[in-house]
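Just so it is clear, none of the values below were taken in a lab; they were calculated from the coordinates. As the structure is a computational prediction, the values presented were derived from the model and not from experiment. Using ideal geometry, Cβ is built from the backbone for each residue, glycine included, and neighbour counts are taken over all protein chains shown.
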Amino acid sequence: MEKIEPLIPGPKIEARVQELGREISSDYKGLQLILVSILKGSFLFLADLTRAIDVPHEIDFLSVSSYGTSTHSSGVVRLLKDLGTNIEGRDVLVVEDIVDTGLTWQYIRNNLFTRNPLSLRIVTLLDKRGRRLVDVPVDYVGFVIPDRFVVGYGLDYMERYRNLPYIGALDDNSLQGSGKENHFKN
Ligand code: IMP
């Protein structure tokens, strides 16, 4: 078993998601908002965020996988499940669990831009901005976190810990740096 150090307690996440919901509701009043949740890591964040947004909106899902080790992505991204919605002319808000190097968001952003949305932004629960490798804009951020590998509230380590009701950091000694296609993305 890995050791997990609590970092952000559940009630603090809940309060911040409510704030983000209010901010997004006010920014998207009267617009054609569609939330695009990136699977699997953002599923809990999406579930809470959609209920905190009080302007009409649709929801769709995109699933991507990045190659790398179990804790580090390589930036080579593969589309596993595409949207079911045509986003041309729509105000698209991507919902992510975490932006780390920024490579995944850069790939998704470039991909979605080719479909001519009216606007394209991202809301990420966590921002590990100290590790950014590409200068890609990040519009709404729940929490800026240090360079630790985190799990819980949807985020996994080798598919485990998504169910934790808080965000915790894995002990560095618990992490394995090996693996083929990584286990943390989706
Ligand atoms: P990127 O480095 O910004 O491309 O992040 C790629 C993906 O890695 C994110 O969407 C997450 O799914 C995953 N990821 C990055 N850091 C963590 C972490 O600390 N815990 C769990 N998943 C992570």
(request) Would you mind computing, in nm to one decimal, how far apart the modelled labels at M1 and T114 are, each placed 7 Å from Cα along Cα→Cβ? (result) 4.6 nm
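When Lys and Arg each count +1 and Asp and Glu each count -1, what net charge do the other residues less than 11 Å away from I145, Cβ to Cβ, add up to?
Summing Lys/Arg as +1 and Asp/Glu as -1 gives +1.
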(request) Select from segment 33-138 those GluC sites (Glu not before Pro) which occupy a DSSP coil region and have at most 13 other Cβ atoms within 10 Å, ordered by residue number. (result) E88
(request) Tell me what the chain gives for mean residue ellipticity at 222 nm when only DSSP H runs of n ≥ 4 count, each as -39,500 (n - 2.57), the sum divided by the residue total, rounded to 500 deg cm²/dmol. (result) -6500 deg cm²/dmol
(message) In Å, what Kirkwood hydrodynamic radius results for segment 9-146 from the alpha-carbon pair distances?
(response) 15.2 Å
